[in-house]
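Report on the following structure.
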Amino acid sequence: AAQTDIRLVDRDDHGIDRAFRADVLEGLSSPQKAIPARWFYDDEGSRLFEDITRLPEYYLTRAETETLRKRAGDFARLIGPGRAVVEFGSGSSLKTPLLLDAIQPGAYVPIDIAGDFLRESSAALAAKFPGLPVHPIEADFTTTVKLPPELLAMSKLGFFPGSTIGNMVPRSAVDLLRTMRMTLGGDAMLLIGMDLIKDIDVLTAAYDDAAGVTAAFNRNLLKRINRELDGDIPIAAFAHRARWNDTYARIEMHLEARAEIAFTVAGRSFTMRAGETIHTENSHKFDLRSANMLLLAGHWTPVERWTDSEDRFALILARA
Ligand code: AVI
């Protein structure tokens, strides 16, 4: 299968990702320190996230996979064959083959910011589907991505599983949905996963597992900052926190300083009080109406929706 490899990450002369440095320095300078969750996913972060998806507490992946398996017939009927499947955040998981098996696509285009991970998972997928053109693109999918010209004539199906849309605040989620619509073109469809509001203890456990994998995932962000932005953050001085914010219907992850600390990043000095946090992630949860409203605000019209047998997680098909 053809492999096009386009690199679009903007690095300076020292190989530093300019956007990463800007987000970290700005985020650490805010009254409530905060770093956008998308920076979790360096190669190590992507691997840790794969481990999270196998945790007993993290029901999301199993619930979504169950629906993808069960509804193959519905996808074939409503989506049809020959579309180019454009996956936002590339899947090394089981999910992508389940979708590709169901609909017989014309091409597969995984877009991901973690280059090595993207190349590995694309190669594995190309081996599984001989004859399917695979075009991995290393890029930040929150900006409009130019698709390979040979796919111009094909209708697109955007695939955005995992409730990754929930990692954005609503106004960014709407921007992203509109950006996806621009990337995918006028007659596109979108198959998107959204995690549903449920018992708070079940939600909290999914983000604070007994084995500490989510804690390692959260702290890996600090390791990445130290390595890529010449930082000296004392990682062991931070505790992992996951809490439900009922006003915004979201789980928040924070890194909480256990004591007063000082550190430098990219030549800049920062201090934190004991108990002060860096807010590292939001994971919004939806009900079926709020899910539809978000899609409509992002210029997508819901066509059909499915949930797993325990109604924990929704997959929604929409059209442009
Ligand atoms: C990728 N994203 C949908 C995950 C989530 O559930 O919000 C990321 C994650 N963070 C902690 N655990 C998983």
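The values are calculated or read from the model by the stated rules, or taken from the named source; none is laboratory data. Small disclaimer: the values here were computed from a predicted structure and weren't measured. In this analysis, Cβ positions are derived from the backbone assuming ideal geometry, glycine residues included, and neighbour counts consider all displayed protein chains. For accessibility, only protein heavy atoms count, side chains too; no ligands or nucleic acids. Shrake-Rupley method; radii C 1.70, N 1.55, O 1.52, S 1.80 Å.
Charges only on Cβ, +1 for Lys and Arg, -1 for Asp and Glu: so what's the dipole of the chain about the Cα centre, in debye to the nearest 20?
I would put it at about 660 debye.
Which percent of Cα pairs goes in each bin when the distances of segment 11-67 are cut into 10 angstrom slices starting at zero?
Per 10 Å bin, starting at zero, the Cα-Cα P(r) for segment 11-67 comes out as 19, 32, 28, 18, 2 percent.
Rounded to the nearest 500 deg cm²/dmol, what is the calculated helix-only ellipticity per residue at 222 nm for the chain, with -39500 (n - 2.57) per DSSP H run of length n ≥ 4? If you can, show how the numbers build up before the last one.
Details: 10 runs with 113 residues, N = 320.
My calculation for the chain gives -11000 deg cm²/dmol from helical runs alone.
Which one, 145, 115, 165, is farthest towards the positive end of the dipole of segment 113-205 when Lys and Arg carry +1 and Asp and Glu -1 on their Cβ?
145
Expressed as a fraction of 2.2 N^0.38 Å, the rule-of-thumb size for a compact globular protein of N residues, what is the C-alpha radius of gyration of segment 41-106?
In units of the 2.2 N^0.38 Å rule of thumb, it is 1.24.
How big, in percent, is the set of alpha carbon pairs in segment 107-261 lying more than 25 Å apart? Provide the component values of the computation, followed by the final result.
Working: 5715 of 11935 pairs.
Beyond 25 Å sits 48 percent of the P(r) for segment 107-261.
How much of the accessible area of segment 107-258, in percent, comes from carbon and sulfur atoms when a 1.4 Å probe is used?
Reported share for carbon and sulfur atoms: 54 percent.
Among all the lysines, which ones have a C-alpha under 18 Å from residue 128's C-alpha, if same-chain residues fewer than 8 places away are not counted?
Partners within reach: 95.
Work out from phi, with θ = phi - 60° and the Karplus expression 6.51 cos²θ - 1.76 cosθ + 1.60, the ³J(HN,Hα) of each residue of segment 295-306, listed in order in whole Hz, and give x for Gly and Pro.
4, 4, 5, x, 6, 10, 9, x, 10, 7, 9, 9
Quick check on segment 217-320: take the gyration tensor over C-alpha atoms, sort the square-rooted eigenvalues as a ≥ b ≥ c, and tell me if it's rounded (a/c under 1.5), prolate or oblate.
Prolate shape, in that a/c is at least 1.5 and a/b is the bigger ratio.
Rounded, prolate or oblate: which fits segment 24-150, taking a ≥ b ≥ c as square roots of the Cα gyration tensor eigenvalues, rounded meaning a/c under 1.5, else prolate when a/b beats b/c?
prolate
Between beta-carbons, use under 13 Å as the cut-off and find the net charge around residue 78, counting Lys and Arg +1, Asp and Glu -1.
+3
Compute the signed sum of charges (Lys and Arg +1, Asp and Glu -1) over the other residues within less than 14 Å, Cβ to Cβ, of residue 210. Write down the numbers at each step before the final one.
Working: positive: 54; negative: 51, 57, 201, 208, 209.
Neighbourhood net charge equals -4.
Where only protein heavy atoms count, and the probe is 1.4 Å, what is the accessible area per residue for the chain in Å²?
On the way: 13920 Å² over 320 residues.
Result: 44 Å² per residue.
Find, among the trypsin sites (Lys or Arg not before Pro) in segment 37-134, those assigned to loop by DSSP (not H, G, I, E, B) with at most 16 other beta-carbon atoms within 10 angstrom.
Here the trypsin sites (Lys or Arg not before Pro) that fit, given the DSSP loop and packing criteria, are 54.
So, with +1 on the Cβ of K and R and -1 on the Cβ of D and E, and no other charges, what is the size of the charge dipole of segment 265-320 about its Cα centre, to the nearest 20 debye?
Details: 7 positive and 7 negative charges, 56 e Å.
About 280 debye.
Let me know the shape class of segment 256-307, please: from the alpha-carbon gyration tensor, a ≥ b ≥ c as square roots of the eigenvalues, rounded when a/c is under 1.5, otherwise prolate if a/b is greater than b/c, or oblate.
Verdict is prolate for segment 256-307.
Residue by residue through segment 174-184, what is 3J(HN,Hα) from phi via Karplus (6.51 cos²θ - 1.76 cosθ + 1.60, θ = phi - 60°)? Round to whole Hz and write x for glycine and proline.
Rounded to whole hertz, the list is 5, 4, 5, 4, 5, 4, 4, 4, 5, 4, 8.
Just going by the charge dipole of segment 167-316, with Lys and Arg at +1 and Asp and Glu at -1 on Cβ, which of 272, 244, 205 is farthest out on the positive end?
Of the listed residues, the answer is 272.
Grab the other residues whose beta carbon is less than 13 angstrom from that of residue 107, score K and R as +1, D and E as -1, and report the net.
0
Near residue 33, which aspartates and glutamates are there with a Cα under 18 Å away, not counting those fewer than 8 places off in the same chain?
Hits, sequence-local ones excluded: 23, 232, 252, 256, 260, 276, 281.
Once the chain is represented by equal point scatterers at the alpha-carbon sites, with solvent omitted, what log10 I(q)/I(0) does the Debye formula produce at q = 0.06, 0.08, 0.14, 0.16 Å⁻¹?
Those come out to -0.20, -0.36, -1.13, -1.44, one per q.
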